[in-house]
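K.L.:
Handing you a structure now.
The values are calculated or read from the model by the stated rules, or taken from the named source; none is laboratory data. In this text, all values refer to a predicted model and were calculated from it rather than measured experimentally. Heads up, the Cβs are rebuilt from the backbone with ideal geometry, glycines too, and the neighbour counts pull from every protein chain shown. Please note that ligands, DNA and RNA were not included when accessible areas were found on the heavy atoms of the full protein model with its side chains. Shrake-Rupley method; radii C 1.70, N 1.55, O 1.52, S 1.80 Å.
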Amino acid sequence: MSKATKRAVLVGCNYPNTKLRLQGCINDVLSMEDLILNEFGFDQDNVKYFIDELGTSPEGWPTRANIMAALEEMVEDAVAGDVLFFHFSGHGTTLSSLKPGEPYKEEEAIVPCDLNLIIDMDLRYLIQKLKPGTSFTILSDSCHSGGLIDKDKEQIGPSRMKGIPFPVYYKARGISVGTIMNCLGSVTGALTGVANVVNAGSTIVEGIGSALTGIFKKEVSREFLHPNEQTKLKSLTEDEGLLLSGCQANETSADLAGSALTEGKAHGAFTYAVVKVLNRNKGLSNKELVKEVRKYLQEQGIEQHPCLYSSDGNADAPFLDTQHPRDRKKALADKHRAGDDADESEIPNGRRKLPIRQ
């Protein structure tokens, strides 16, 4: 039986030279890359990352087209036993729609550097294409990220815990759809068209959809396509997809400036906490990881509450595990009988292509 392959797509959007600018997202990608290469057995050749660092070639920028192409390739190439990981660090947003005769709905989305949204529907489409026996973990360090995939099983959900005021400068990693539309207009010169959409009394989904399709044509979220062009999506089963969100769906995630709290470097609070916790604690399950990260953020006075959405089996599995839930009990029993430890000789050395920014 061939060895399982671990594949990752890492995305960091700082939105340089715009009013949406963040500071810590590229650093998040570099920290996460080091973590998965050095601690979780990923090979450099199977890790793709996209950052909006000035000077990066066009194919390396975190546009919707580049991100979706990489995710689709990762899903297509995966075979049974493979572990897939998608880490996004950047802005998030929500879209609400209320049409006559239709139920109210709210969609969560992440915001690539070209503002061409990736909506929860797009991630569901990818997850439903997974081959049996593969796993897909999403870790989103963005605002409103608590609903990015079907919430079949909410393992660790909303909390009423209150933190104390933020001890360092921070910026929320979330923007409104109105701000996105204004930015699209200023970038493309399409202010008149965007204004007409808003003035026509369209729903938010219709408004942003019209603006994006006017710029990107059919290269937009399936949410914005004509119903005849949409791919019908099935409901996900509990074992399909696993989401670790940086905050609840109604919360913001913090983008922290460099300080003593983050060793002088700008970072997302969630990603920084995840890396910190995993470097200190080996073999944590997904549920244990989210609980420890919540505890760490609470201790630092950061008021956001990471959540976990997955099946029971995936919740109790080690973070970025290689086995399907049904195989884990047997594997654990075999390991206890044999008394063997993980072979660390197979863990490759990480290589940083860019220095972490102050």
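K.L.:
Please report the equivalent ellipsoid semi-axes of segment 1-59, computed as sqrt(5 x eigenvalue) of the Cα gyration tensor, largest first, in whole Å.
P.N.:
Taking √(5λ) for each eigenvalue gives 27, 12, 8 Å, largest first.
K.L.:
Of the listed pairs Lys48/Lys129; Lys131/Lys287; Lys6/Lys282, which have alpha-carbon separations greater than 22 Å here? Walk me through the numbers on the way to the answer.
P.N.:
Working: Lys48/Lys129 20 Å; Lys131/Lys287 24 Å; Lys6/Lys282 18 Å.
Result: Lys131/Lys287 exceed 22 Å.
K.L.:
Sequence-distant or interchain residues sharing an amide H contact under 5 Å with Gly268, placed H: which?
P.N.:
Result for Gly268 returns Asp28, Leu256.
K.L.:
In addition: How far, in nm, would the chain grow between Ser259 and Asn279 when pulled straight, counting 0.36 nm per residue and subtracting the alpha carbon separation?
P.N.:
5.2 nm
K.L.:
Still on this model: In debye, nearest 20: dipole of segment 269-323 around its Cα centre with unit charges on the Cβ of K, R (+) and D, E (-)?
P.N.:
180 debye
K.L.:
Suppose all protein chains stay in the model; what accessible area per residue would a 1.4 Å probe give for segment 1-111, in Å²? Walk me through the numbers on the way to the answer.
P.N.:
Values: 4340 Å² over 111 residues.
That works out to 39 Å² per residue.
K.L.:
Report D for segment 14-98 in µm² per second (integer): Stokes-Einstein, Kirkwood Rh on Cα pairs, 4 °C, 1.567 mPa s.
P.N.:
Roughly 88 µm²/s, to the nearest whole number.
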